[in-house]
Amino acid sequence: MIRKQRLDNLKVLTKNKKPEKALLVRIKKCGGRGRNGRITTRHQGGGARKLYRLVDFKQDKINIPAEVLSLEYDPNRTGFIALIKYEDGEKRYILAPQGLKVGDKIIAAEKAEAKVGNRMCLKNIPEGLMVYNIELEPGKGGKLARSAGTGSIILKYDQESGYCNLKMPSSEVRKIKGECFATIGSVSNEEYRFIRWEKAGKSRKKGIRPHVRGIAMNPCDHPHGGGECGAPIGLPYPKTPWGKHALGVKTRKKNKWTNKLIIQRRVKKKRK
């Protein structure tokens, strides 16, 4: 059933379509290591060889219509990408929204028709619509809502302040400048979160190395280590290998200047 569901997701992609050569770049792997050669991010390494697709998050060709040539799989992200061709002949990759089809016409403009795939300013998008690939600052390119199946809902636009209220995928409500661009719709491949990868080898091909539980280690290797058989961690709260708090800890800085733009914090889900 899981395998069939995975194949159903790929049916929307264009068959026998090779990636656009001009939009491919080879990125050197670092295996989770920093410039000093030491591991800075654990459990990364190996993985199947892959080329990076240059995705246009800005879509800065304003008022120039484009046609969707193909829908393709991108090994570097969870959502699908679309190859588009502008009227001047230039080809680019963009994040494909749910429901986009080959042959559709899309455009990026300050004000355009409110249909899936079109990109325009937040202040000109009707309330209640879903948007993705949202800019945080005008002209800096999309930063928010870019993973598979995600999208933000436009709540309202305040003309006096010039800010638009958006409900994020995390349920957080925040203000973003009305001049920022966003694409109408939600990112494709929304069933990605239901996929189970069946075996450990699939994770290794994705570049994910095995993760060892702290409770299975020795005391010298982890704060949870030691004890006999299934002993508990023996601490009032879980810790990282370096002794810092883990699980449910706020990582956002208290005095961050963007705190004033957050209207409502995200709702925490209770752990079962």
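Readers should treat all values here as calculations from the given coordinates under stated rules, not as data from a laboratory. From a predicted model like this one, the values you see are computed outputs, not experimental measurements. In this analysis, Cβ positions are derived from the backbone assuming ideal geometry, glycine residues included, and neighbour counts consider all displayed protein chains.
Averaging over all projection directions, the Cα-based convex hull of the chain occupies 18.7 nm² in the image plane.
Remark: spin-label model distance Tyr86-Arg33 equals 4.1 nm, labels positioned 7 Å along the Cα→Cβ axis. Shown is the FRET efficiency for Lys205 and Glu20, computed with R0 = 22 Å from the Cβ-Cβ distance and rounded to the nearest 0.05: 0.40. Per residue, the average separation of C-alpha pairs within less than 8 Å and at least 6 apart gives the chain a relative contact order of 16 percent.
What's the exposure ranking of Cys220, Cys229, Cys180, going from fewest to most Cβ atoms within 10 Å? Please list the in-between numbers first.
Working: Cys220 7, Cys229 4, Cys180 22.
The fewest-first ordering by Cβ neighbours comes to Cys229, Cys220, Cys180.
Let me know the shape class of segment 139-200, please: from the alpha-carbon gyration tensor, a ≥ b ≥ c as square roots of the eigenvalues, rounded when a/c is under 1.5, otherwise prolate if a/b is greater than b/c, or oblate. Because a/c hits 1.5 or more and a/b exceeds b/c, segment 139-200 counts as prolate. Put the Cα centre of segment 194-243 next to the Cα centre of segment 122-144 and the gap is 39 Å. Taking the DSSP beta bridges with both ends in the chain, the antiparallel portion is around 95 percent.
Pairs spanning more than 19 Å between alpha-carbon atoms, out of Lys50/Lys101; Lys58/Lys111; Lys61/Lys140; Lys15/Lys199; Lys15/Lys206; Lys156/Lys260: Lys50/Lys101; Lys15/Lys199; Lys15/Lys206.
As a proxy for reagent exposure, Ser171, Ser152 were ordered by neighbouring Cβ count within 10 angstrom, fewest first; the result is Ser171, Ser152.
Name the lysines eligible as straight-distance cross-link partners of Lys244: C-alpha to C-alpha under 27 Å, and not fewer than 8 places from it in the same chain. Output for Lys244: Lys253, Lys254, Lys256, Lys268, Lys269, Lys270, Lys272.
Considering all projection directions equally, how large on average is the shadow of the alpha-carbon convex hull of segment 203-272, in square nanometres?
Working: hull surface 32.5 nm².
For the Cα atoms of segment 203-272, the hull's average projected area reads 8.1 nm².
A dipole drawn for segment 9-139 from +1 and -1 charges on Cβ atoms has a positive end, and of Gly34, Gly117, Ser70 the residue lying farthest that way is Gly34.
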